[in-house]
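The values are calculated or read from the model by the stated rules, or taken from the named source; none is laboratory data. Keep in mind it's a predicted model, so treat the numbers as computed, not measured. When we count neighbours, we look across all protein chains shown, and the Cβ atoms used for this are built from the backbone with ideal geometry, even at glycine. Areas reflect the complete protein model, heavy atoms only, side chains present, ligands, DNA and RNA absent. Shrake-Rupley method; radii C 1.70, N 1.55, O 1.52, S 1.80 Å.
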Amino acid sequence: MSRKRSRNSTYNPIPADADASGRPLVAIVGRPNVGKSTLFNRLVGRRIAIVEDVEGVTRDRNYADARVYGREYVLIDTGGFDPESDDPMREGIVSHVRLALEECDLVICVLDAASEATQADREAVHLLRQGEKPVLWVANKAESFANKIQSSSLYELGVDTIFPVSALHGNGVGDLEEALANGLPAEQPVNALSFDRELPRVAIVGRPNAGKSSLLNRLLKDERQLVDDRPGTTVDSIDALVPHEEGPLVVIDTAGIRRKRAVKRKGGVEALSVVSAIRAMERSDLVVLMIDANEGIAEQDAKIAGLAEERGRALVIGLNKTDLLDSESRKRLEARTREVLAFAPWAPMVHLSAKSGRGVERLLQTCRRICAEHRKRISTAKVNRFFEQVLETHPPPTHHHRPVRLYYITQARASPPTFVVSTNRPEGVHFSYKRYVVNQLRRAFGFEGTPVFVRYRGKN
């Protein structure tokens, strides 16, 4: 008997138990217009992917954090797989699908329960059988009894088990989620496991040719990474143990993250490197956003910083090559950077030159300090004494002429600092008051360089 979507599968942008091992990646693949994006939205619990009843709506891969039965993973939506198409755009989509299959830990292959198996379905089955990744076969659009019967004919493709579901209505998704939870790997292996997990982890990210590899070489005092003026030299994320007088750090050098339109659809190596950089963020405590002072701040830098904040990572802004600028130009660069990154005024900014070494020691000291802030815990008694003062100074406004009462606050976790407030009306806490509480937490306890999250939950 099929079940509707489990309550255990909820969207949560901040992982509850993230560690250095990273989260598994799950890719949804299939031919065009079989309901992949609808299933994607169903599994993550919110409408992220655009859904239209036409082919080719999803062209780039789409990523979202998801949870199933207490297990957290990253879900990837891909474009329609049609290897017989001569359309160059479709060729690029096929390349992205192959990349998703290469990088993921588990595959969900979506078939159409309302139609016969097509040649594209057979090609997809053949491609998936060539790999070693576990596959869950799904027959979508099984809303009616006739379609459920039709889905059984898909067994002619030679697959073992097919899950008939209706991604639109949620029927059968519970059974799929149960199989998904059982199919996730117990632990995602990464190349940083040889390092002590208690060590601070710093990921160096940014646009291509911002000086990320030069910075790692300067930290290691060795030409470990290939450095070239041409963008795209670094592809894989490389972990390195950097010694320091106050204690070592694990520094992760990543590939340059470009705009989606600039990522080559054919060949696909650079597209895979972007995913590697995102995974580096997943298993780091802190992100150093490298910005080329000659190029200046760009919209893509803001997107990268936003990605780090959404994933609850501490942030330090590294303005590289500022030794080539005069004092007035440095002031303008800093002001413009603060303007573009206005959503993260708590992130410290360090001027440096990876080539000459100027400011690099200051950057290391800043990273160590911010990592400590990121992992900081405040006792429940101390934070509640602070909270009483906040309520006396500025109580929350009423909601629909009814009082909003905040009972107590506790720190639920560190890395990032996350607090939970018990209240009688969670929906009645205005966003401006939420921002006020976060600002007061920063004023009282610091939390420099790290995002701070406050959740409001009902009394029960």
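List of remarks:
- You will find that of D53, D82, D65, the residue that is modelled with pLDDT under 80 and out of contact with any Lys or Arg (no Cβ under 9 Å at 6 or more places or on another chain) is D53 and no other.
Yes or no, residue by residue, for (1) more than 17 Å from T380 (Cβ to Cβ); (2) open to solvent by 10 Å² or more (accessible area, probe 1.4 Å):
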residue: A412; (1), (2): no, yes
residue: S415; (1), (2): yes, yes
residue: R425; (1), (2): yes, yes
residue: S432; (1), (2): yes, yes
residue: T450; (1), (2): yes, no
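- Pair list, Cβ < 9 Å and 6+ apart or interchain, from the stretch 293-311 residues that are touching a residue at least 60 places away in the same chain (Cβ under 8 Å) and open to solvent by 40 Å² or more (accessible area, probe 1.4 Å) to residues that are part of a loop (DSSP other than H, G, I, E, B) and aromatic (F, W, Y): E309/F343
- C371, sole failed condition from (1) closer than 25 Å to G458 by Cα; (2) touching a strand residue (DSSP E or B) at 6+ places or on another chain (Cβ under 7 Å): (1)
- A residue that is within 23 Å of the chain's Cα centre (by Cα) and crowded, with 22+ Cβ neighbours inside 10 Å cannot be found anywhere in the stretch 349-364.
- Selected residue (criterion: modelled with the lowest pLDDT) from residues of the stretch 188-232 that are on the phi > 0 side of the Ramachandran plot and in a loop (DSSP other than H, G, I, E, B): G232
- Residue satisfying all of: in the stretch 315-346; in a loop (DSSP other than H, G, I, E, B) and within 18 Å of R207 (Cα to Cα); most open to solvent (accessible area, probe 1.4 Å) among these: K321
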